[in-house]
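The values are calculated or read from the model by the stated rules, or taken from the named source; none is laboratory data. Remember, it's a predicted structure, so these values are computed and weren't measured experimentally. Glycine also receives a Cβ, built like all others from the backbone with ideal geometry; neighbour counts cover every protein chain displayed.
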Amino acid sequence: MKVMLCVLAFILLPMMAKADTLTLTNNSSLNGAVLYDAELFYVAADYRSGTIHYKIPRAAVARDEINGEKYNQGSPGPGITAYVVDAIVWDVAMNPSSTRLKNQMTTTLATSAKTNPPKPKPLPASAGNDVLTLSNNSQHEGSLVKMTRSAVTFKDNNSVKETSYDRKKVKLVTVGQ
């Protein structure tokens with residue numbers, strides 16, 4: 001029963017995440033369910049051939065338009081394929097408290113590291129250069145902190161605390177470099 005629930009969660013969670021169009025600094029773009037945490041964007045993008053999962057460093061992202069677009073035509077472009085990851089990485093991003101998933105990911109990544117040495121981590125982007133545009137077109141300058149299925153957490157430059165916005169009220173996040 002637990003295995004069936006885990007499989008069902010893996011299938012349904014990407015569908016429940018809100019869909020966006022992520023544009024990279026190399027002008028490539030993809031549609032999919034997007035999360036953000038710890039300087040990384042996690043994307044589950046649907047293609048005719050199935051769902052492909054991505055882990056994209058913040059430094060490679062120009063903007064995230066929250067628009068409901070989840071499906072992609074054709075196959076992933078060359079500017080995007082470098083960020084493809086195993087589906088378990090997406091699962092851990094969706095369920096950060098799951099010890100079982102973290103253990104499984106550690107095993108998967110250790111096996112993968114033997115054939116694919118890890119790439120150097122990008123330097124963190126400058127804080128305070130992001131722009132959050134709400135549905136009413138008001139804009140806030142500051143730092144993107146986190147994106148979940150239901151909220152976007154942002155720290156405005158004019159505030160000492162972080163604010164969580166309902167994702168339905170966010171139109172665009174422009175990522176400063």
>> For region 61-87, give me the residue count where each residue is among the small types (Gly, Ala, Ser), modelled with pLDDT of 90 or more and out of contact with any Ser or Thr (no Cβ under 9 Å at 6 or more places or on another chain).
In response: 1
> Just for region 144-168: of the residues that are exposed (fewer than 13 other Cβ atoms within 10 Å of the Cβ) and charged (D, E, K, R), which one is nearest to ALA44 (Cα to Cα)?
Replying inline: LYS168
> In region 21-63, which residue that is part of a strand (DSSP E or B) and of a type in the set (Lys, Arg) is surrounded by the most Cβ atoms within 10 Å (Cβ to Cβ)?
Replying inline: ARG63
> Just for region 130-176: of the residues that are farther than 18 Å from THR21 by Cα and either among the aliphatic types (A, V, I, L, M) or assigned by TED's automatic domain parsing to the domain that holds ALA19 (or both), which one is modelled with the lowest pLDDT?
Replying inline: VAL160
> How many residues are among the hydrophobic types (A, V, I, L, M, F, W, C) and modelled with pLDDT of 55 or more if we restrict to region 1-59?
Replying inline: 17
